[in-house]
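Please read the structure below before turning to the comments.
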Amino acid sequence: MSATEFPASLTSLRVRYAETDAMGVAHHAVYPVWFEVGRSDLMRAAGLSYAEIEKQGYYLMLTDLGVNYRRAARYEQELTLHTRVEEVRSRTLRFGYDLFGSSGDPVASGHTSHIVTDHNYRPQRLPEHLLVALQGQAGEAQA
């Protein structure tokens, strides 16, 4: 799969009531969940869902997570999450995230890092087809 066949991901979200605190503000713990939605959308758009990767014998285990909160997301607010591949190595991946409000105002940014393991949780190399596709995507993001 070429890098041009591996699109970056734009995910539309709406802050749900269950994701808010008593003030109607999105709870800080929901941002990593939104990041997972964006990462899953990106992988699915590339033709490799997490379910497919797991069927092939791999897990992409989370090793690091960071969130920078810029302004509050509120109940019913429409958000757009931009998800990108930042770094690809033979056994690890890093994704970046930028979350924007409907007027384009930055709400949050962040990253997640993952290690590839087998189903016994032993580190593994990325399958060659996934490695090539993700390296191409990371190269485009840096250009």
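The values are calculated or read from the model by the stated rules, or taken from the named source; none is laboratory data. Everything numeric here is computed off the predicted structure, so don't read it as measured data. Here the Cβ is made from the backbone with ideal geometry for all residues, glycine too, and neighbour counts use every protein chain on show. Just so you know, the surface numbers come from the protein's heavy atoms only, side chains and all, with ligands and any DNA or RNA stripped out. Shrake-Rupley method; radii C 1.70, N 1.55, O 1.52, S 1.80 Å.
Being surrounded by fewer than 16 Cβ atoms within 10 Å (Cβ to Cβ), out of contact with any helix residue (DSSP H, G or I) (no Cβ under 6 Å at 6 or more places or on another chain), in a strand (DSSP E or B) and modelled with pLDDT of 95 or more is true for just one of L62, L79. Which residue is that?
Being surrounded by fewer than 16 Cβ atoms within 10 Å (Cβ to Cβ), out of contact with any helix residue (DSSP H, G or I) (no Cβ under 6 Å at 6 or more places or on another chain), in a strand (DSSP E or B) and modelled with pLDDT of 95 or more holds for just one of L62, L79, which is L62.
Quick one: in region 32-59, of everything that is of a type outside the set (A, V, I, L, M, F, W, C) and within 12 Å of the chain's Cα centre (by Cα), which residue is least open to solvent (accessible area, probe 1.4 Å)?
Across region 32-59, the extreme among qualifying residues is G38.
Restricting attention to region 82-91, does a residue exist that is within 15 Å of W34 (Cβ to Cβ) and open to solvent by 60 Å² or more (accessible area, probe 1.4 Å)?
yes
I'm trying to understand the selection: among the residues of region 92-112, which are open to solvent by 20 Å² or more (accessible area, probe 1.4 Å) and either touching a helix residue (DSSP H, G or I) at 6+ places or on another chain (Cβ under 9 Å) or hydroxyl-bearing (S, T, Y) (or both)?
T92, R94, S102, S103, S109, H111
Between residues in region 35-50 that are free of Cβ contacts under 8 Å to residues at least 24 places away in the same chain and residues that are part of a helix (DSSP H, G or I) and open to solvent by less than 20 Å² (accessible area, probe 1.4 Å), which pairs lie under 9 Å by C-beta distance while being six or more apart or on different chains?
Note: pairs meeting the criteria are M43/I53; S49/M43; Y50/M43.
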